[in-house]
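Presented below is the structure to which this report refers.
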Amino acid sequence: MIRAHTVLEKVKKAIVEANVKINEEIREIIEEYEGPFSDIIKENYRISKEENLPLCQDTGMVEFFVFLGHKTVLEEPIEQTLNKAVEEVYREYPFRFSVVSDPLFDRINTETNTPAVVHLFQVEGNKLEIRFLVKGGGSENLSVLRMMNPTSGIDRIKEFVVEHIKEHGAKACPPLHVGIGIGGTADKAVLLSKLALTRDFKERNEDPRYAELERELENELNLLGIGFQGLGKGKTVYSVHIEHFPTHIATLPVAISVDCYLCRKGKVIVEG
Amino acid sequence: MKVEELKAGQEIRYSGKLIVMRDQAQKRLKEFLEKGEKLPLNLEGQIVFYAGPARTPQGKVIGAIGPTTSARMDDYLEMLFRLGVVATVGKGKRSKKAIDTCRKWKRVYFITPSGAAAALSKRVKSARVLAFEDLGPEAIYEIEVEEFPLVVAIDSEGNTIFEE
């Protein structure tokens, strides 16, 4: 049986790290950046690390993707453990409580940064794998879904992605990590686009046709020249990832999600 | 230096006061005005910084602080200028309407780096809540900054660094 405490401690540590320690893949890219504000951006991750201050004041709504092995037994429901981890971390560190209890009427801050968003997938085996994104509101507001005609094809998808990033990319703290979900149903496509953001930049889709589309989109989006902070210098996107799924004969759902230039995320694995 | 003299693309370091305010606070100010009530603060000659800080660590002036997406608050921009605000600070591109509003009122819009909140917090010398404390991170604060990095993103003639 996997003890709740074991999961809690590992997840807490990973969430703190994601908030205060720059992702290594990104640090390398920022080190090369010499445009406006480059001094402050570089100074930022040194101060964060030294003082345990968050890299960004928007310490997000935490979104978890849980892959639970079918032979795994948990001491308590995983959602409970994960919410406990978020609450403890956000109370113990000077992070921002950014979650409100009701989206429309009261909008009262929960003062715990919970509830977190939890997606559960059951997989084979006895392993528990938890991936998460620390998702700020600015990047989350760029999420979009379009139900395309089933005959639309690659060019229409590219057009949709490029137009969307061209119009809104500068609002979400570029360079961006772009996740695309293609197929399934409407909700599935959005979920896939988020899952795509848990990938490492250098990974490529296993299907060479999607891998090619990822590369093409990455190049086209970088040609937009939005750059760091939208100021035209440096990359516009770090990487583009696509996740796909079978769909209905009448549909072609396409969803876009983006992550901001800090790409705060993490992964925890516990063997059962 | 007068805001009218600033040009789009210009980088400056600002020292002085900023009024920290975001979505919910501006919504409330609008409601005060609609009801004809007196506002809890005076914005004449002030610079508004669209931000909501993280919690303040013990013994520190303020927690991590940085800009939020300005475009979300474009509908309140005219109200701010009417109340005497001379400039706004945030992140990202703004709407055509916001650019026109800056031109009409001869006011400017600055951007300051996002995702650099730990570093920016070091440039804040003092902070106090001015109004709406119940909004937590969305309360209105007055902060005093030193050498705060800004880039003019929309100038008083409506020139912008972003592609329209």
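Quick note: the coordinates plus some simple rules give every number you see, no bench work behind them. Computed from a prediction, not measured in an experiment: that's the story for all the values here. Here the Cβ is made from the backbone with ideal geometry for all residues, glycine too, and neighbour counts use every protein chain on show.
Considering (1) among the aliphatic types (A, V, I, L, M); (2) buried (at least 24 other Cβ atoms within 10 Å of the Cβ); (3) part of a helix (DSSP H, G or I), the lone condition that B:ILE65 does not fulfil carries the number (3).
Between A:ARG46, A:ARG27, the distinction of being part of a helix (DSSP H, G or I), within 11 Å of another protein chain (Cβ to nearest Cβ) and surrounded by fewer than 20 Cβ atoms within 10 Å (Cβ to Cβ) belongs to A:ARG46 only.
Scanning segment A:54-79 for residues that are more than 16 Å from A:ILE15 (Cβ to Cβ), in contact (Cβ under 8 Å) with a residue 12 or more places away in the chain and out of contact with any Lys or Arg (no Cβ under 6 Å at 6 or more places or on another chain) returns A:PHE67, A:LEU68, A:HIS70, A:LYS71, A:THR72, A:VAL73, A:LEU74, A:GLU76.
So which of A:GLU220, A:GLU243 is assigned to a strand (DSSP E or B), in contact (Cβ under 8 Å) with a residue 12 or more places away in the chain and of a type in the set (D, E, K, R)? Only one candidate qualifies: A:GLU243. Candidates in segment A:118-155 are the residues that are out of contact with any helix residue (DSSP H, G or I) (no Cβ under 9 Å at 6 or more places or on another chain) and of a type in the set (D, E, K, R); of these, the one that is farthest from A:ALA14 (Cα to Cα) is A:ASP155. Of the residues making up segment A:57-74, those that are farther than 20 Å from A:PRO115 by Cα and part of a loop (DSSP other than H, G, I, E, B) are A:HIS70, A:LYS71, A:THR72, A:VAL73. Restricting attention to segment B:55-105, the residues being among the polar types (S, T, N, Q), more than 7 Å from chain A (Cβ to nearest Cβ) and within 18 Å of A:GLN229 (Cβ to Cβ) number 2. For segment B:106-124, the candidate set comprises residues that are at the interface with chain A (Cβ under 7 Å from one of its Cβ atoms) and in a loop (DSSP other than H, G, I, E, B); within that set, the residue that is farthest from the chain's Cα centre (by Cα) is B:LYS122.
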